[in-house]
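These notes concern the structure reproduced below.
The values are calculated or read from the model by the stated rules, or taken from the named source; none is laboratory data. Computed from a predicted structure; not experimentally measured. Note that each Cβ is placed from the backbone with ideal geometry, even for glycine, and that neighbours are counted across all protein chains shown.
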Amino acid sequence: MTLLPYRPEDLPRIAVLFYETVHMVCAKDYTKQQLDAWATGEIDENAWNESFLAHTTLLAWENGELLGFADMTAEGYLDRLYVSRAHRRQGVATALLTALEEAIPAREYTAHVSFTARPFFERMGYVIIKEQQVERRGVLLTNFVMQKTPR
C-alpha cells in the first residue's frame, strides 16, 4: 500500500468509493433512507475538490486500486476517512489517520464519527465528546464528536 497526496483527477474514483462505502459498510448501522441522504451518488465536485486541495488529503493505493482516502484541516479536524469495503480491517484506515496526525501537529484532533467508525476511532485513542444528530437532506443521522489529544 502506498499513500499519495490527492490529485483532482482522482475525484471520480473517490466519489465512487465514498458512495459504495457508505451504502455497503454502514448499512448495518443506518437505515436506507439515512444512507441515501448521506450519500446520494452525486457529490458537489467543485466543493469536494476545493476542500481536498485546502486540506492535507491522502489516498491509499495498491496496484492501481484506490483503497481509501482521508483529509484533515491544518487545525486537526478530520473531515473524511473512508476505506473500501474490500479493504476494511487491513490497516488502511490506520495508515491514513496515522499519516495525517504525523503531518499535522495539532493540539487536538477532532472528527465527527459514524456509529460504524466509532470502534476504530476508540482504538486509535479518540474519546467521545458528545453524541449528536445531524441533518442531511431532511433526514436525521446520529454521529459522535470525538477528540484525541496527542501525548
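Brief remarks follow.
- Filter result for E135 (under 20 Å from D10 (Cβ atoms) and loosely packed, with under 15 Cβ neighbours inside 10 Å): no
- Residues in region 1-50 that are touching an Asp or Glu at 6+ places or on another chain (Cβ under 9 Å) and either of a type in the set (A, V, I, L, M) or free of Cβ contacts under 8 Å to residues at least 24 places away in the same chain (or both): M1, L4, L11, P12, A15, Y19, H23, A37, A39.
- Out of L96, L67, sole residue that is of a type outside the set (S, T, N, Q), crowded, with 16+ Cβ neighbours inside 10 Å, farther than 21 Å from A39 by Cα and touching a strand residue (DSSP E or B) at 6+ places or on another chain (Cβ under 6 Å): L96
- Pairs linking a residue in region 101-118 that is farther than 20 Å from Q133 by Cα and surrounded by fewer than 18 Cβ atoms within 10 Å (Cβ to Cβ) to a residue that is at pLDDT below 95 and of a type in the set (S, T, Y), with Cβ atoms under 8 Å and 6 or more positions apart or on different chains, are R107/T149; E108/T149.
- Test: residue in region 122-133 that is assigned to a helix (DSSP H, G or I) and more than 19 Å from F18 (Cβ to Cβ): yes
- Residue within region 27-40 that is among the β-branched types (V, I, T) and at pLDDT below 95 present: yes
- Residue pairs meeting the criteria (Cβ under 6 Å; at least 6 apart or on separate chains; first on the phi > 0 side of the Ramachandran plot, in region 62-83; second in a loop (DSSP other than H, G, I, E, B) and modelled with pLDDT under 95): G76/A106
- Counted residues, region 133-149 - those being in contact with a Ser or Thr (Cβ under 7 Å, 6 or more places away or on another chain) and without any contact (Cβ under 8 Å) to a residue 24 or more places away in the chain: 1
- Residue within region 71-78 that is crowded, with 16+ Cβ neighbours inside 10 Å, of a type in the set (D, E) and at pLDDT 95 or above present: yes
- Residue that is nearest to the chain's Cα centre (by Cα) [pool: residues in region 18-36 that are of a type in the set (S, T, Y) and more than 11 Å from L141 (Cα to Cα)]: T21
- A95 being more than 18 Å from N143 (Cβ to Cβ) and at pLDDT 95 or above: yes
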